Amino acid sequence: MMIEDSAGLLEKAAPALLFAQELPPRPVYTLKNLKTIDESTKTAHRRIKSLLPLGLATYNRGKFSIKKEVVSQPVNVLKKLIPSLMSLKQARRFGRSYNNSDINFVLNHKPESAMITLDYQAWNMTKFQFPRDLFVYVDDVEKGVSFLKENNFSEGEKGRVVLLPKIGSFDNKAERVFLDCLANGGRSVLDAVAIQLLYSDTINVKARFPIETVIKVQDDLPRETK
């Protein structure tokens, strides 16, 4: 999918974004949860499904999860997030020992053109949250997949090494890591908040976060980074 196509999907998804913004925060929704006074079950289902191609929602066996922290962003921020969302949607996970040895192996053998993002790079930038998974942008995902499989890595959801295709601009690496963290949702949003606080002069896009979240991150940041 081209970025231009995703931009069009974002415009089409505008009613769904407004609908999702009004939903109470929950880790998982059912169709019963989605139904509101103003929306039928069928309409609510259609709205949330329109968020799937953008990676803003997931669907499994009648249950939805929504990246609430992401869908609540202004449209100008959502447009900036499209390359990150597209890359994350095509992410491929791999594991061998399923511990830090997998991480260390890839760090020691990654190509020079590869770029670390999310957990490990956010840690390098903020020292805020200890990293879990290694997310790596590579020029050729299939080549990366072949290399990992040749070294006894297996593809699966439990893998801690994640290959991402390079989509969009990487001119401002700090900003790209910030956008990736925001697009990833979940605990990565806290990394995004930390990066926005510490690198406000470097990143050109400013996201919107609940004030209580910003205060919590600000209070928990290591003293030497403030």
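Within the listed set 103, 195, 211, the residue fluctuating most in the Gaussian network model of the chain (springs between alpha-carbon atoms under 10 angstrom) is 211. Enter the angle in degrees (range 0 to 90, nearest 10) between the Cα long axis of helix 75-89 and the first principal axis of the Cα atoms of the chain, meaning the one along which they spread out most. The angle comes out near 50 degrees. Hey, how much of the P(r) for segment 25-102 falls beyond 15 Å, as a percent of Cα pairs? I get 64 percent for the Cα pairs in segment 25-102 exceeding 15 Å.
Other residues within the sphere of radius under 14 Å centred on the Cβ of residue 187, judged by their own Cβ, net out at -2 (K and R +1, D and E -1).
Each peptide in 56-68, 84-96 receives the mean, over its residues, of other Cβ atoms within 10 Å, and ordering these scores from highest gives 84-96, 56-68.
The value obtained for the chain, namely the Cα convex hull volume divided by the number of residues, is 134 Å³ per residue.
Summing Cβ point charges (Lys, Arg +1; Asp, Glu -1) relative to the Cα centre of the chain gives a dipole of roughly 840 debye. Per-residue extension of 0.36 nm, minus the Cα-Cα distance of residue 108 and residue 42, leaves a gain of 18.7 nm for this segment.
Partners of residue 32 within straight-line reach, counting lysines whose Cα lies under 17 Å from its Cα and excluding those fewer than 8 residues away in the same chain: 42, 49, 63. Over the chain, what is the relative contact order in percent, taking alpha-carbon pairs closer than 8 angstrom and at least six residues apart? Result for the chain is 21 percent. Ligands, DNA and RNA are left out, and with a 1.4 angstrom probe the accessible area of the chain is 54 Å² per residue. Charge dipole (Cα centre; +1 on Lys/Arg Cβ, -1 on Asp/Glu Cβ; no other charges) of segment 75-129 amounts to roughly 220 debye. Within 15 Å, Cβ to Cβ, of residue 157, how many net charges do the neighbouring residues add up to if Lys/Arg are +1 and Asp/Glu are -1? My count for the surroundings of residue 157 gives +4. For segment 113-226, relative contact order (Cα pairs under 8 Å, six or more residues apart, normalised by length) works out to 27 percent. Under 1.5 on a/c is rounded, so check that first for segment 116-226, then, if it is not, pick prolate when a/b is larger than b/c and oblate when it is not; a ≥ b ≥ c are the square roots of the alpha carbon gyration tensor eigenvalues. Prolate. At an R0 of 30 angstrom, the distance between the Cβ atoms of residue 218 and residue 174 translates into a FRET efficiency of 0.95.
Report residue 140's accessible area, 1.4 Å probe, all protein chains in place, as a number in Å² to the nearest 10. For residue 140, solvent-accessible area is about 80 Å².
Working note: Karplus 6.51/-1.76/1.60 with θ = phi - 60° gives segment 129-139 the couplings 10, 5, x, 10, 10, 9, 9, 10, 7, 10, 5 Hz, where Gly and Pro are set to x.
In this label model, residue 152 and residue 97 are separated by 1.0 nm, measuring between points 7 Å along each Cα→Cβ vector. Here segment 115-176 has an Rg and Dmax of 12.8, 35 Å, counting Cα atoms alone. Amide H contacts of residue 164 (H built 1.01 Å from N, in plane; Pro and chain starts excluded): 136, 137, 138 sit under 5 Å, all sequence-distant by 5 or more or on other chains.
The values are calculated or read from the model by the stated rules, or taken from the named source; none is laboratory data. Given the structure is predicted, the values throughout are model-derived calculations rather than measurements. Here the Cβ is made from the backbone with ideal geometry for all residues, glycine too, and neighbour counts use every protein chain on show. When the accessible area is computed, the model is the full protein with side chains, heavy atoms only, and any ligands, DNA or RNA have been set aside. Shrake-Rupley method; radii C 1.70, N 1.55, O 1.52, S 1.80 Å.
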